[in-house]
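*Asks:* One structure follows; several queries about it will come next.
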């Protein structure tokens, strides 16, 4: 973007703008585009979800406004804007007003590091992944503000639940990502995507594999377990069923949003759906190769790249379109799964949610980190690090050994953990009684 | 570029200082915690301006995302947050100010004196040995497991001890807490009591089932 | 369990306590939902299916209502002669659980004797519970349950239906419930013949048919006189059509009533504006307006002692609705007066 | 040390999952329920007093509005008590039609109740939509027979309003194909779902002997392990002619109530199949004896009870010889099953309250009357 703006300002119009002006303008342009993309995603996702879940329930879903109900979200948005804005008399007015903003803003920031296609990352940060999750944790503050400022018991309960849930599910999410970061050795989202070229097995680890853009992390045991754990944690972070406890309408009305109306409520709604989109997107990025897919790398290689400055710009566009298509397809597929889960399951209780996160997911992801270490050891380390014994196996052999080992470890961990967890859940009545009442059983 | 950075720096500095003042100046503790979060955020942005991306992100993750949440949680569990009717300043406030300034000076003076202020910003290509790529994370990691391994371990152990302590306190608290028996538990309890003490059997059988029993130690 | 039943037994439900749960139950549930999603592109058009879209997109699609469907009661009249089947026997009024049916027996204007027809027949649709008792007990098969259900209005008063609004031709009912009508057709017409014999003039003719019947009778008389072929009947007038003169009169009455009420608020006088007979709806409207005006006047009245009831009176004895409205207006005025006194 | 404070929360009367206008005054310690006081009466309509100024027949449509989810069962209980008071015999075919309708009602009630229960647990409408789909079919049949979907008003003293229309039987047979498939699907969707198990196992336990002392009836009682079904214990109508089992639970928690209801739907289906086999032709008795509607029972009283889908539904009438009942009393199962709610919720979490309430299956129209 910088290059384009620079070209237009200084070459075409010969304005002689300073570097920082160019940067400012180019960043503002990118930001504007992203700020437009986010609400559009939200509008589309609400429509998509309502139609999908209706189909799962043998219904039709909204189909009145526009062709096939396309403009239903627009109509809803208009309704939101025109609704009366109510501030409870006892509320803390400023905090009540600021809370939705604090919730929405971080979700917009998070778009900054999302790779839409080859060379189409708004900002390629070295620590993009960390940035993504650091920023997402800010919205917890907003929820807390909303819950406290509303001066309503349901809101406060909802906010407490939301924040407790977000904070505790951040740990398994980070631990499952740690396994991936250990393998790639980079926190940059661009690097992680680049790493997932190749074919089912990881291209950058094994030489001589064609780069078809299918070397996604989900295809190896470490990545798969990390994916499963991360997706569950993402459901909890995005407050999706079965973890939609903070806004459990059958228990605490609408949680922290109870006292909000009109567009302030709309902002919470926006934040939530944009966050869901982002969580689906980041799942696609980290475990399913984002824009990676057959054809993208080949097309991109023909375009203008740092390695190949003489390429044809149209190939960049083609690669970008194809990459964005793959990326959005994967993202919406994950959202489909979210909706599917919402269509099938009841929700957990608060204490069960905490139990599941702390007593099951975290140990499992810890085991996965261990597996990742084995994977890295077998695939990347040499005699210096003490893995000389593995050298005679050759690249493919080392990969095979790592695959089998980690698979065995992960399956064993899953079974053992599930059994232990299942046993603890099923405490017999007598034990429970003896435990709680302090009686000789 | 320089100008832009300077403008941003002054804005951020104003935010940090202003928010810091507000933390101590407002009555409502929740508001003061929220100002604190704003201050943390400004510091994070300042790190970003210094191109210390990792540090900035960690600042946001740890301080804004976790520490401030803990503070908010703790505050919300207290009774009176409005701070109405409490005085912000007490009589010998100047003494407190003096102590604070002295301590701050004691910390800052050696730093100021020891620092050579004529650092030339690195120009030209980055040398191979220079940190690249991961912006400090790699060095930090290396530092933790090489030179500062002992410190790191000690800090870890300390945190572990704190964790265990917290758990112990929480467990004690749980035991002390009133246990609300469910209907089935209560019923089972009554039945067992009947079995154990024959003398009182008929008496407790007559008592109404809906009567709540609270068990405390 | 020691308890034994004669037929069947006691089954203790298996809770599956011994089963290992590692998530297969959740996957099963997801499979069911997936199946429904796939099947949702078909319609569930058959009772034996359990998947497929079962939504009926209401304004566009409509389910065919069964004959037995009952919503609100209607009155039947014969298509050709316009004679109503109702004889004002009061059976329905008596059986109605929420008591929303009000009937006035028609009387011979000359002799004052009762005629087997209803002079006015009012059903308060807004309080009707659609139980269908009236249709069940009606010995003349005159009152039947309608299939029309889109009755929403903005005003409760609009749901108080008079005879003109309730009357439907027999052919209408025959169309919505052919077999039900076929069962009773013969006896209903036989009974109708009997009651027609005792009716005089235009009494017992459905309101919307009055003009037509008049024309027919005139034509018949003419043809009798001139022995010429009768001219074609005029088109059927709609139920809502009223003669403009009466409507105007009613409005006038309303205005007068309002004015009177206003005056009363000032000087405590009494007046009873009269609403001329005719269309009861217009009269009712007038009465309601009068009541409102009275209320308003009372509110704005400057502490004057009393407000006399402004009760527009409907002189026609059979116009029950108008009377009802008048009473309501009077009550409203009284209430307004009380409020004023309290304040 | 940290001192926690007890918090009072009003769940209801305007709350998404209180099944109408019902208020629960909940005292919580953290998320644990310390005390729960049910508050009702928001839907009080003076039902019993109105019944005493109406004639016997006029009360029939009012009983529809008691438990509006299963009006047919209410009709049956009321028709039975008047028949008992007056001494009216019911023709054979009418009895079969009554049983058919009431068992269909049981299926639709349980389908709806389970759907709402899972909704309260947080499922986003899917089980409810499936249950409502089958309920819709049954309501179509009701409409065909009685003229209305919910306020059926189908029963008369000594019979029913009218015989089934010719189109009824083919549709019912189609429905009998669909229902077993629906039950299987419902079980697959939920019965083994780990989340549902976590939410319902051991929650809201009502021990056997306490269930009796609370005088709870219906599926809630049977889930506590007591095989008490009035259709078996005191066979009324023609229930002694059918083979069907009585499912009972072993623990008495929400999960047992869930499973018992699923099984009861299957047993109802069995009864319907037997009704279709045994249903006599319409010849002979007239099933709508118009003459018997204006009843004037002799001085005396009568109580009749049936196993309504929610429990024991009883009507008690005292006649003074006039055409209006002197005293009219409803023993509403929803109301009496609500008695142990406060005690059942104690010690569980806030989220469990709505689930326990849902598992009792109440309709506020019947509770408040």
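The numbers here are math on the coordinates, done by the rules we state, and not lab data. All values reported here derive from a predicted model rather than from experimental measurement. Because the Cβ atoms are built from the backbone with ideal geometry, glycine has one as well, and the counts that use them run over all protein chains shown.
*Asks:* Can you compute the helix-only [θ] at 222 nm over chain D? Use -39500 (n - 2.57) per DSSP H run of at least 4 residues, normalise by all residues, nearest 500 deg cm²/dmol.
*Replies:* The per-residue figure over chain D is -14000 deg cm²/dmol.
*Asks:* P(r) tail for the stretch A:1-79, what percent of Cα pairs lie past 20 Å?
*Replies:* Of the Cα pairs, 54 percent sit more than 20 Å apart.
*Asks:* Give the shape of chain A as rounded, prolate or oblate, defined through the alpha-carbon gyration tensor: a ≥ b ≥ c are the square roots of its eigenvalues, a/c under 1.5 means rounded, and otherwise the shape is prolate if a/b is larger than b/c and oblate if not.
*Replies:* Verdict is oblate for chain A.
*Asks:* Also, I was wondering about something else. Describe numerically, in nm with one decimal, the distance between label points set 7 Å from Cα along Cα→Cβ at residue B:167 and at residue B:192.
*Replies:* 2.7
*Asks:* Between the stretch A:337-353 and the stretch C:75-111, what's the alpha-carbon centroid distance in Å?
*Replies:* Their Cα centres are 61 Å away from one another.
*Asks:* Gain in length, residue C:193 to residue C:335, computed as 0.36 nm per residue apart minus the alpha-carbon separation, to one decimal in nm?
*Replies:* So the extension gain works out to 46.2 nm.
*Asks:* Given Cα pairs under 8 Å that are at least 6 residues apart, what percent is the relative contact order of chain A?
*Replies:* Relative contact order here is 17 percent.
*Asks:* If you split all Cα-Cα distances of the stretch A:282-322 into 10 Å bins from zero, what percentages do you get per bin, shortest first?
*Replies:* P(r) for the stretch A:282-322, in whole percents per bin: 33, 43, 23, 2.
*Asks:* Rounded if a/c is under 1.5, else prolate if a/b beats b/c, else oblate: with a ≥ b ≥ c from the C-alpha gyration tensor eigenvalues square-rooted, which is the stretch C:113-167?
*Replies:* Taking the square roots of the gyration eigenvalues as a ≥ b ≥ c, the stretch C:113-167 is oblate.
*Asks:* Could you compute the FRET efficiency for residue A:312 and residue B:148, with r as their C-beta to C-beta distance and R0 at 56 Å, rounded to 0.05?
*Replies:* Computed FRET efficiency for residue A:312 and residue B:148: 0.60.
*Asks:* Within a 10 angstrom radius of the beta carbon, how do D:19, C:36 rank from fewest other beta carbons to most?
*Replies:* The most exposed by this proxy come first: D:19, C:36.
*Asks:* Output the direction-averaged projected area (hull surface divided by four) of the convex hull of the alpha-carbon atoms of chain D, in nm².
*Replies:* Taking a quarter of the hull surface, the average projection is 18.7 nm².
*Asks:* Additional query: Taking the alpha carbon gyration tensor of the stretch C:81-202, what are the square roots of 5 times its eigenvalues, largest first, to the nearest whole Å?
*Replies:* 23, 19, 13
*Asks:* Still on this structure, I have one more. Where does chain A land at 222 nm, in deg cm²/dmol rounded to the nearest 500, when only DSSP H runs of n ≥ 4 count, each adding -39500 (n - 2.57), divided by all residues?
*Replies:* Computed mean residue ellipticity for chain A: -21500 deg cm²/dmol.
*Asks:* Work the Kirkwood hydrodynamic radius out for the stretch B:1-82: mean of 1/r over every pair of different alpha-carbon atoms, inverted, in Å.
*Replies:* 13.4
*Asks:* Fewest Cβ neighbours within 10 Å first, please rank B:140, D:172, A:101 accordingly.
*Replies:* A:101, B:140, D:172
*Asks:* Among D:231, D:188, which comes first, second and so on when ranked by fewest other beta-carbon atoms within 10 Å?
*Replies:* So the ranking, lowest neighbour count to highest, is D:188, D:231.
*Asks:* Between the alpha-carbon centers of the stretch C:122-162 and the stretch D:149-223, tell me the distance in whole angstrom.
*Replies:* When both Cα centres are located, 34 Å separates them.
*Asks:* If you don't mind, there's one more thing I want to ask. Checking a compactness column here: for the stretch A:97-173, what do you get for Rg(Cα) / (2.2 N^0.38 Å), N being the number of residues?
*Replies:* Expressed relative to 2.2 N^0.38 Å, the Cα Rg reads 1.29.
*Asks:* Please compute the modelled spin-label separation between residue D:278 and residue A:396, points set 7 Å along Cα→Cβ, answer in nm with one decimal.
*Replies:* Reported label-point gap for residue A:396 and residue D:278 is 7.4 nm.
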